[in-house]
1. Take GLN195 and tell me if it is crowded, with 19+ Cβ neighbours inside 10 Å and either more than 24 Å from LEU362 (Cβ to Cβ) or among the polar types (S, T, N, Q) (or both).
2. Which of the numbered conditions does ASN203 fail, given that it passes all the others? Conditions: (1) among the polar types (S, T, N, Q); (2) part of a helix (DSSP H, G or I); (3) crowded, with 16+ Cβ neighbours inside 10 Å.
3. Considering only region 303-321, state which residues are surrounded by 22 or more Cβ atoms within 10 Å (Cβ to Cβ) and either closer than 18 Å to SER67 by Cα or out of contact with any helix residue (DSSP H, G or I) (no Cβ under 9 Å at 6 or more places or on another chain) (or both).
4. Go through region 271-288 and count every residue that is touching an Asp or Glu at 6+ places or on another chain (Cβ under 6 Å) and part of a strand (DSSP E or B).
5. When SER367 is evaluated against the numbered criteria (1) open to solvent by less than 60 Å² (accessible area, probe 1.4 Å); (2) more than 28 Å from MET236 (Cα to Cα), which criterion, by number, is the only one it fails?
6. Which one is surrounded by the fewest Cβ atoms within 10 Å (Cβ to Cβ), of the residues in region 371-384 that are of a type in the set (Lys, Arg) and within 26 Å of the chain's Cα centre (by Cα)?
7. Answer with yes or no whether ASP234 is more than 30 Å from PHE84 (Cβ to Cβ), assigned to a loop (DSSP other than H, G, I, E, B) and of a type outside the set (Lys, Arg).
8. Among the residues in region 260-280, are any within 28 Å of THR31 (Cβ to Cβ), in contact with a Gly (Cβ under 9 Å, 6 or more places away or on another chain), among the basic types (Lys, Arg) and surrounded by fewer than 19 Cβ atoms within 10 Å (Cβ to Cβ)?
Amino acid sequence: MKCLYFIYLLLFVLSGHAIACTTAIISGKGTIDGRPLLYKHRDTSALQNKLMAFSDGKYHYIGIVNSTDKTGKEVWGGYNSTGFAIMNSASYNLNEKEVGLEEREGIVIKMALQQCATLADFEKMLETLPKPLYVNANFGVIDAQGGAAYYETGDYTFKKYDANDPSIAPMGYIIRTNYSFSGDRARDKGLSRYQAAEPLFYNASLSGSLSYRFLLQDVSRHLTHGLTGTNLYDMMPQDTSKTIFTAFRDYIPRYSTSSVIVVQGVKKTEPASLTTMWTILGSPLTTVAVPVWLNKDNLYPSTMLADETGNAKLCDWSLKLKKQLFPIDRGEGNDYINLAALITADGNGILQKIKPIENQILNKSDSLLNHWRKDGYNPAELKEFCKWVDNLIQQYYSFSPSFSSSS
């Protein structure tokens, strides 16, 4: 394992970009259906993301990979055939000083997916890897035994926060943005996003509605600023006829959001094969969530995998639509969104148009999952579902007036 770690360390050339993610784990005790949830809203300068499935370890696994990473040296969130799932958020307050290289979290995630089945396995891996680890991370992990915890991990040590411990997570959930609770709190980053997410989670917990849909549709598309309280829906233009810019910085969705995953685990009585990764490739403001299931038949929507260009079509289409939201590509243009392209009172904003498409996908997915939980997984049904998803998505992005105008 040490040899493998150093090989990955030597192979990867660090790109040096800052990342800012909003993440959470929810114990099965806190969710609407008793299944644990792992959530990562990924922010990075690597905006082209794709899905990749792997068979290069003890366990098969699938995850989010930068499109420029052709062989999948790093994985930025995913799960394996045992139902073990892991993701991270960068933490900027753990290490007292930078020992050397940074951002090796993707390597650690890949190694964990290759060889870990439980939280205990991951803890042992962290303990035995050579130090320094070259990480500053909050690793969120769930497993098929009901485990759900964060590991605030620096170069030499880690601290565990268990979502099943009521003294740590009384409502069954833990949120992390870009600081660690065990770190130097004077160096916290991502406070406004934490302030935006916490009341959302708290209210959803009180109403018994902590679900994968809540994470995808309410958290990742939340348009109220955590610090200022500005709600963009209160500023919604009447229609799309006139460009209206507004400041758009430090909301949960950002210009730098590249993907979202929600891994829905299984109950202890269910097969790990029914673990589901609800996946958004690209901006959650311009694309839809699609579920994927790790399977030996290699059945996945083709629009989520790299094509001949190296990019996933769904991510490509999302980024093209996103140009309508952020048409200024010079100076500080990324900090200003064209609100009239996003949401309007007459319902013609891009975000409003994608929601019905997404709901079709989620409703059909729920029906399929419920069927499999009762009667077992069927590869023919998954193949048909993948084809249906690809056709629906391609139809929308090919013929949507919003998309066509940016092509």
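The values are calculated or read from the model by the stated rules, or taken from the named source; none is laboratory data. Every value quoted in this text rests on a predicted model; they were computed, and no experiment measured them. Please note: Cβ atoms are built from the backbone with ideal geometry, for glycine as well, and neighbour counts cover all protein chains shown. These accessible areas exclude ligands, DNA and RNA; they are computed on the full protein's heavy atoms, side chains included. Shrake-Rupley method; radii C 1.70, N 1.55, O 1.52, S 1.80 Å.
1. Here the answer is no, as GLN195 does not meet what is asked.
2. If we test ASN203 against (1) among the polar types (S, T, N, Q); (2) part of a helix (DSSP H, G or I); (3) crowded, with 16+ Cβ neighbours inside 10 Å, just (3) comes out false.
3. THR303, MET304, ALA312, LEU314, CYS315, TRP317, SER318
4. Of the residues in that region, 0 qualify.
5. (1)
6. Taking the candidates together, the pick is LYS383.
7. So ASP234 fails the test.
8. yes
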